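Peer 1: Take a look at the following structure, please.
The values are calculated or read from the model by the stated rules, or taken from the named source; none is laboratory data. Predicted, not measured: the structure shown is a model, and the values here were computed from it. Glycine gets a Cβ as well: all are built from the backbone with ideal geometry, and neighbour counts include every protein chain shown.
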């Protein structure tokens, strides 16, 4: 059924309020008091409603007023409309994690998923047994279109600022460091610019085939690295570095976590690569949604211990580390 907007514009919502009060009180004076208006104003609204619906709606009786069959027919519908307006538009939406069923879709990279989901699931499983998550794998570019379309509820990653449609909360700043096989770079772990440019690299790229930050910094200096392989999967890089002796520029927190596992060395970048922020991002329309507010609180709580480790890893990103003997 299509909506006749022009016809509905003629219908004042206050007329439904007056109708519902009259149905409940069956007395014009008490109905006027109930909705905080004068008796004459209520009588005027009843006259307008009668003209619109072509029915008397209420007739006088010994006990006050009585609804006509047409009014009785409309009563439940009018009450339902007013209840819906009150619960959905006026009263804030409620969310009870202990009982409500809801599925949230989160967008993030595979690495951020590995940091967030274990503590988040452990926490939510106890307090919100009917809440589920869908993970949407994203590259490192900000998925503004997915937030706009509602395909994801929350983005975790590089969140752009200055967009009125989106809200942002910074989590931490991340720096790039260089992963290498010590057999390639020697026990010092340090990589100078000449070695960095001459050695083939495994490069993490976005879905459009670009690696923005590192290559942009090099391009500003008229430099270019050799990408022996490009991949959107960060977790592939340590294996490639270990087995094929390529280099890889990766986030410092990732390097600190996985270099010891694969016997790799960590070196500061040979050029000054500026840090980038990891943030939560969500659509403005969800800002006050009760379920979404709860979700953001849970994500922030789950990431707090992680954040401390990431900050520590990035604080030492200018120090070379080599694999243990």
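Peer 1: In this structure, does residue 98 turn out to be touching a helix residue (DSSP H, G or I) at 6+ places or on another chain (Cβ under 8 Å) and closer than 30 Å to residue 128 by Cα?
Peer 2: When the stated conditions are applied, residue 98 passes them.
Peer 1: Looking only at residues that are surrounded by 14 or more Cβ atoms within 10 Å (Cβ to Cβ) and within 15 Å of the chain's Cα centre (by Cα) in the stretch 118-139, which one is modelled with the lowest pLDDT?
Peer 2: Taking the candidates together, the pick is 138.
Peer 1: Any idea how many residues of the stretch 58-74 are touching a strand residue (DSSP E or B) at 6+ places or on another chain (Cβ under 7 Å) and either closer than 15 Å to residue 30 by Cβ or surrounded by 13 or more Cβ atoms within 10 Å (Cβ to Cβ) (or both)?
Peer 2: 6
Peer 1: A follow-up question, please. Across the stretch 259-285, what is the total count of residues that are surrounded by fewer than 22 Cβ atoms within 10 Å (Cβ to Cβ) and within 25 Å of residue 197 (Cβ to Cβ)?
Peer 2: Total satisfying the criteria: 11.
Peer 1: Still on this model: Quick check: anything in the stretch 10-25 under 23 Å from residue 85 (Cβ atoms) and out of contact with any helix residue (DSSP H, G or I) (no Cβ under 9 Å at 6 or more places or on another chain)?
Peer 2: Looking through the stretch 10-25, none of the residues is under 23 Å from residue 85 (Cβ atoms) and out of contact with any helix residue (DSSP H, G or I) (no Cβ under 9 Å at 6 or more places or on another chain).
Peer 1: I need the full set of residues from the stretch 19-39 which are in a loop (DSSP other than H, G, I, E, B), within 46 Å of the chain's Cα centre (by Cα) and surrounded by 13 or more Cβ atoms within 10 Å (Cβ to Cβ), in order please.
Peer 2: Listed by number, the list holds a single entry, 37.
Peer 1: Please pick out the residue among 57, 52, 16, 42 that is in contact (Cβ under 8 Å) with a residue 24 or more places away in the chain and within 44 Å of the chain's Cα centre (by Cα). Steps first, please.
Peer 2: Details: 57 fails: within 44 Å of the chain's Cα centre (by Cα); 52 fails: within 44 Å of the chain's Cα centre (by Cα); 42 fails: within 44 Å of the chain's Cα centre (by Cα).
Answer to the selection: 16.
Peer 1: Then there's this: Among the listed residues 186, 157, 222, identify the single one that is more than 30 Å from residue 301 (Cα to Cα) and at pLDDT below 90.
Peer 2: Working: 157 fails: more than 30 Å from residue 301 (Cα to Cα); 222 fails: at pLDDT below 90.
Result of the check over 186, 157, 222: 186.
Peer 1: Among the numbered criteria (1) within 22 Å of residue 86 (Cβ to Cβ); (2) touching a helix residue (DSSP H, G or I) at 6+ places or on another chain (Cβ under 6 Å); (3) assigned to a loop (DSSP other than H, G, I, E, B), which single criterion is violated by residue 55?
Peer 2: Of the numbered conditions (1) within 22 Å of residue 86 (Cβ to Cβ); (2) touching a helix residue (DSSP H, G or I) at 6+ places or on another chain (Cβ under 6 Å); (3) assigned to a loop (DSSP other than H, G, I, E, B), the odd one out for residue 55 is (1).
Peer 1: Which one is surrounded by the most Cβ atoms within 10 Å (Cβ to Cβ) among residues in the stretch 212-255 that are without any contact (Cβ under 8 Å) to a residue 60 or more places away in the chain and closer than 24 Å to residue 116 by Cα?
Peer 2: We begin by selecting, within the stretch 212-255, every residue without any contact (Cβ under 8 Å) to a residue 60 or more places away in the chain; these are 214-231, 236-240, 243-244, 246.
Adding the requirement that they be closer than 24 Å to residue 116 by Cα leaves 231, 236-239.
Working: 231: 15, 236: 15, 237: 26, 238: 23, 239: 12.
Selected residue: 237.
Peer 1: So for the stretch 86-106 (the condition being over 26 Å from residue 285 (Cα atoms) and at pLDDT below 90), does at least one residue qualify?
Peer 2: Restricting attention to the stretch 86-106, the residues satisfying the condition of being over 26 Å from residue 285 (Cα atoms) are none.
Checked against the condition, which is being over 26 Å from residue 285 (Cα atoms) and at pLDDT below 90, the stretch 86-106 yields no hits at all.
Peer 1: Related question: Here is a check on your reading of the model: is residue 177 at pLDDT 85 or above, surrounded by 13 or more Cβ atoms within 10 Å (Cβ to Cβ), out of contact with any helix residue (DSSP H, G or I) (no Cβ under 7 Å at 6 or more places or on another chain) and not in a helix (DSSP H, G or I)?
Peer 2: It is false that residue 177 is at pLDDT 85 or above, surrounded by 13 or more Cβ atoms within 10 Å (Cβ to Cβ), out of contact with any helix residue (DSSP H, G or I) (no Cβ under 7 Å at 6 or more places or on another chain) and not in a helix (DSSP H, G or I).
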